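The values are calculated or read from the model by the stated rules, or taken from the named source; none is laboratory data. As the structure is a prediction and not an experimental result, all values here were calculated from the model. FYI the Cβ positions are ideal-geometry reconstructions off the backbone, even for glycines, and counts take in every protein chain you see.
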Amino acid sequence: MLNELGHFALILTFGVAIVQMIVPMIGAHRGNASWMAVAEPAATAQFLLVGFSFAALTWAFVTSDFSLQLVYANSHTDKPLIYKIAGVWGNHEGSMLLWMVILALFGACAAWFGGGLPRRLQARVLSVQASISVAFCAFILFTSNPFLRLAVPPLNGRDLNPLLQDPGLAFHPPFLYLGYVGLSMSFSFAVAALIEGRVDAAWGRWVRPWTLAAWMFLTVGIALGSWWAYYELGWGGFWFWDPVENASFMPWLISAALLHSAIVVEKREALKSWTVLLAILAFGFSLLGAFIVRSGVLTSVHAFANDPERGLLILIILAIFLGGSLTLFAARAGALDAKGVFSTVSRESALILNNVLLAVSCFVVFIGTIWPLVAEMLFDRSLSVGPPFFDTAFTPFMVALAVILPIGSILAWKRGTLRKGVRPLLPWLGLALALGALAYALQSGNSALGPVGAALGAWVVGGALADLWMRGGRAGWQVKLRRIARLPRADWGKATAHIGMGVTIFGIAAMTAWVKEDIRVADIGDRWPVGQFAFSLDDVRQQEGPNYVTTMADMSVWRGDRQIAVLRPEKRFYPVAGMPTTEAAIRNGILRDIYVVIGDPQARGGWAVRVYIKPFANWIWGGAILMALGGCFSLSDRRLRVGAAAPKTLRNTVPAE
C-alpha cells in the first residue's frame, strides 16, 4: 500500500509542478498578485509530495520489499543497513527520484527564504524551476518508474553493485546531486531575468548564494568521489579523467567562473550578459552529466545505466532547456547593457581573465570527454582520450589561474596599479620561489612538476594571507589582527577557499611527482624495501563478511628495525553479484600515505602485491575541505542571504511592467 501511495504522490507532484510552471508565470506577466502567490505554496507542496514518494521508496529498501522490481535488482537481505539506504540512489530510477527531491527542495527554499525578492521575479524564478520539475517528473513517470511491481516477488534480491557498497560512495551521489541540481536555481534566476529584461546589482547579489551553495556541494561531492576512487579501486590514483568524473568537474569549473562573474555584476554592474550565459551553461553541463551517466554512450565505472533510449530523452530535455534559454538570451542580450567602466589593470579585468581561464579549461575537458563519441558517430572510428591528453591540455590553464589569483585578489576595483598591487605579495613570491627551489634540490629525478606545484601552492596560499593582512589597514599589528578578526565572513570564506585551492595544487603535484611504486610477486615471509620503508608479507587468509568472502593479507611495515604498522589489504568477492572488489589498506599520514594492495594468487606460487608511498596525498582532500569550508563561511555571511537587507514592506508591491 505504501508503495502505491508513493507512486500516487509522484503523480500529484507532476500535476502540482504543471500548475506552478504556468499560473505564476502568467500572473507575473499580467501583474496579478493572487496568481503569483500560487508559486510559494505550490513549491512547498511539490517538495512534500516528492519527499513522501522518496521516503516510501527508502522504506521499501530498508524492509527488503522485493515486490518492487527496483528493490529486487539493487538490494539483498544480508546487506548492511547503510548500503540498503544507499541502494535507493545507487541505480538509475532511484537516483532520478533523488534528483527530483533535491530539485523540489531548492524550489521550496526559494519560496521559504526568498522573502526579499521582488514578487514578480520570485514568481518567475519558481515557475522556471517548476518547468524543470515537470520535465524530470515526466521522465521518471513514463520511462523510469521506481515503483514498478513484480508479479511474483522473489525471496531475495540481486544485491547492489559491490563497488557502491562503501561509506564514501554512499554519500558521494547526494552531495553531487545537491551541486548539480543546485545550479538549476542559477539557471532559473538567469531565465527569469531574461524574461524581465533586467539584470542589475541586486540580481547579482541574489544569484550568488545559490551558486555558492551548489559549488560548495559539488566540491564536497567531487572530493568524496576522488577519495573513494583512491582507496576503493586499488589503482593508487585519485583522478582518472573518467567521463563521469569529467561530467562533475565541468559544471564545477563553470560555476566557479559564475561565482566570480556575479561579484562583478554586484559590485560594478558589468559582465551582465556573460554572467547570465555562465548561469545557463552551468546547468547545461549538469544536464550533460546526467546524460553521460545514464546513456551508456561513454563507458565508465561510475555509470548508473546503459540505456541509450532513456539517454536520448535526457538529451532532448537538455536541448529544450539549453536551446530555449540560449534563444531567449540571444533575443534579450542587447538589453543587458553594462554600466561599469574599468581599466585594463583592475580587479574586474583580473576576474575576466579568471573567467576566461576557467571557461577554456572546461571546454578542454568537454572536448576530451565528448570526442570519442563524435569520432565514432562521424568517422566510424573507436578511440579513447586518456590522461596524457588532459594532463597536457588542462594543466597550463590551471597554472596560469594559480599565478594570477593572488594578484587579482589584491588589485583595486575600477582602476588599479600593478606595482602597488604586487608589492604586498613580494615576500610571498620570494617564499614560493624558495620552496620551489628547495623541492627541486631535494627531489630525486628531473621532473619539474613537484617544484612547480610547491611554488604555485605557496604562492596561492601566501596571496590569500596577504589579502587578509592588507584588509587590516595601516596600523599596529595588534590593531590589525583585531580588524582582521572582525572582517565579514565572506572575506574569510574567500581567503579559506583560496588557501584550500593552493593546498590542493601542492598535494596533487607532490603526490604525482614524488610517488614511489613497487609491484611484485611475493611469497609469505618475503621482505623487501620501498623508499625508506620495508614491507613483509606475513600471512594470507580467507574470511567471510556480511555478504561477501574476502582474501585478507597481513603486511608489516618497517622503518629500519622497528615495525610501525600492520596493514590488511583485502580482495573481496560478492557471491550474489558475482563480482570482486579491491580494498586497499592505507596508513594515512600528514606527510605521506603508505598504500598496499593484495592481488590474485600466481600460478607459480606467491601473491601479486602492490605498494605505493604517496607523499602529501591527504593534502588533496584537505584542500578540498578547506574550499568547501570557505563556501560555508561565505554562505553564512548575512550579506549573501537572499533579500536579507530588503524591507518587508516591499513584498506586497507589484512593480509595473
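The rows are residues; the columns are (1) out of contact with any helix residue (DSSP H, G or I) (no Cβ under 9 Å at 6 or more places or on another chain); (2) modelled with pLDDT of 85 or more.
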{"position": "Phe389", "(1), (2)": "no, yes"}
{"position": "Met398", "(1), (2)": "no, yes"}
{"position": "Pro406", "(1), (2)": "no, yes"}
{"position": "Arg419", "(1), (2)": "yes, no"}
{"position": "Leu429", "(1), (2)": "no, yes"}
{"position": "Leu438", "(1), (2)": "no, no"}
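Of all residue pairs spaced 6 or more apart or on separate chains, those with beta-carbon atoms under 7 Å, a first member in the range 369-385 that is more than 19 Å from Phe285 (Cα to Cα) and of a type in the set (Asp, Glu) and a second member that is at pLDDT below 75 and not in a helix (DSSP H, G or I) are Glu376/Ser382. Candidates in the range 274-292 are the residues that are farther than 16 Å from Pro372 by Cβ and modelled with pLDDT under 90; of these, the one that is nearest to the chain's Cα centre (by Cα) is Gly289. Residues in the range 543-574 that are exposed (fewer than 12 other Cβ atoms within 10 Å of the Cβ) and either within 33 Å of the chain's Cα centre (by Cα) or closer than 16 Å to Gln602 by Cα (or both): Pro546 only.
Per the conditions (1) at pLDDT below 90; (2) under 21 Å from the mean Cα position of the chain (by Cα); (3) crowded, with 16+ Cβ neighbours inside 10 Å, the sole criterion not satisfied by Pro167 is (3).
Being over 30 Å from the mean Cα position of the chain (by Cα), at pLDDT below 95 and not small (Gly, Ala, Ser), is that true of even one residue in the range 78-95? Break it down into steps so the answer makes sense when it comes.
To start, the set of residues in the range 78-95 that are over 30 Å from the mean Cα position of the chain (by Cα) comprises 78.
Narrowing the set further to residues that are at pLDDT below 95 leaves 78.
Then keep just the ones that are not small (Gly, Ala, Ser); that gives 78.
Yes, that holds for at least one residue.
All of (1) surrounded by fewer than 19 Cβ atoms within 10 Å (Cβ to Cβ); (2) touching a Phe, Trp or Tyr at 6+ places or on another chain (Cβ under 9 Å); (3) hydroxyl-bearing (Ser, Thr, Tyr) hold for Ser325 with one exception: (1).
Which number in (1) of a type outside the set (A, V, I, L, M); (2) surrounded by 23 or more Cβ atoms within 10 Å (Cβ to Cβ); (3) on the phi > 0 side of the Ramachandran plot marks the one condition that Ser64 misses? For Ser64, the failing item is (2).
Residues of the range 73-82 that are part of a helix (DSSP H, G or I) and surrounded by fewer than 20 Cβ atoms within 10 Å (Cβ to Cβ): Ala73, Leu81, Ile82.
Here's a check for you: in the range 413-439, which residue that is of a type in the set (Gly, Ala, Ser) and assigned to a helix (DSSP H, G or I) is nearest to Ile263 (Cα to Cα)? Write out each step before concluding.
Taking the range 413-439 as the starting set, the residues that turn out to be of a type in the set (Gly, Ala, Ser) are 416, 421, 430, 432, 434, 436-437, 439.
Restricting the remaining residues to those that are assigned to a helix (DSSP H, G or I) gives 421, 430, 432, 434, 436-437, 439.
On the way: Gly421: 19, Gly430: 30, Ala432: 28, Ala434: 34, Gly436: 33, Ala437: 36, Ala439: 36 Å.
Here the residue is Gly421.
Scanning the range 401-433 for residues that are more than 13 Å from Arg347 (Cα to Cα) and touching a residue at least 60 places away in the same chain (Cβ under 8 Å) yields a single hit, Ala402.
I'd like to verify a number: residues in the range 181-203 that are buried (at least 22 other Cβ atoms within 10 Å of the Cβ) and either among the small types (Gly, Ala, Ser) or closer than 25 Å to Leu336 by Cα (or both), how many? Quick ask: steps written out before the conclusion?
Of all residues in the range 181-203, those buried (at least 22 other Cβ atoms within 10 Å of the Cβ) come to 181-194, 199, 203.
Filter once more, so that each one left must be either among the small types (Gly, Ala, Ser) or closer than 25 Å to Leu336 by Cα (or both): 182-194, 199, 203.
Number satisfying all stated conditions: 15.
For the range 475-525, give me each residue that is farther than 26 Å from Gly450 by Cβ and outside any helix (DSSP H, G or I). First the steps, then the outcome.
Taking the range 475-525 first, the residues farther than 26 Å from Gly450 by Cβ are 475-494, 521-525.
Matches in the range 475-525: Ala475, Gly476, Arg486, Leu487, Pro488, Val521, Ala522, Asp523, Ile524, Gly525.
Scanning the range 83-105 for residues that are farther than 15 Å from Leu10 by Cα, hydrophobic (A, V, I, L, M, F, W, C) and either in contact with a strand residue (DSSP E or B) (Cβ under 8 Å, 6 or more places away or on another chain) or crowded, with 23+ Cβ neighbours inside 10 Å (or both) yields a total of 3. Would you check which residues across the range 336-366 are over 16 Å from Ala282 (Cα atoms), of a type outside the set (S, T, N, Q) and surrounded by 14 or more Cβ atoms within 10 Å (Cβ to Cβ) and list them? Within the range 336-366, Leu336, Ala338, Gly340, Phe342, Val345, Arg347, Glu348, Ala350, Leu351, Ile352, Leu353 qualify.
Condition check: out of contact with any Lys or Arg (no Cβ under 7 Å at 6 or more places or on another chain), in contact (Cβ under 8 Å) with a residue 12 or more places away in the chain and of a type in the set (Val, Ile, Thr). Does Val503 satisfy that?
Values: out of contact with any Lys or Arg (no Cβ under 7 Å at 6 or more places or on another chain): yes; in contact (Cβ under 8 Å) with a residue 12 or more places away in the chain: yes; of a type in the set (Val, Ile, Thr): yes.
So Val503 passes the test.
Scanning the range 361-408 for residues that are among the aliphatic types (A, V, I, L, M) and either in a loop (DSSP other than H, G, I, E, B) or within 16 Å of Ile505 (Cα to Cα) (or both) yields Leu383, Val385, Met398, Val399, Ala400, Leu401, Ala402, Val403, Ile404, Leu405.
When Trp528 is tested against the conditions (1) part of a strand (DSSP E or B); (2) within 20 Å of Ala454 (Cβ to Cβ); (3) not small (Gly, Ala, Ser), the lone failure is (2). Considering only residues in the range 408-417 that are among the small types (Gly, Ala, Ser) and in contact with a helix residue (DSSP H, G or I) (Cβ under 6 Å, 6 or more places away or on another chain), the one that is nearest to Trp492 (Cα to Cα) turns out to be Ser409.
Within the range 135-171, the residues that satisfy the criterion of being of a type in the set (Gly, Ala, Ser), out of contact with any Leu (no Cβ under 7 Å at 6 or more places or on another chain) and assigned to a helix (DSSP H, G or I) are Ala135, Ala138, Ala170.
Residues in the range 230-242 that are part of a helix (DSSP H, G or I) and surrounded by fewer than 23 Cβ atoms within 10 Å (Cβ to Cβ) were compared, and the one that is modelled with the lowest pLDDT is Glu232.
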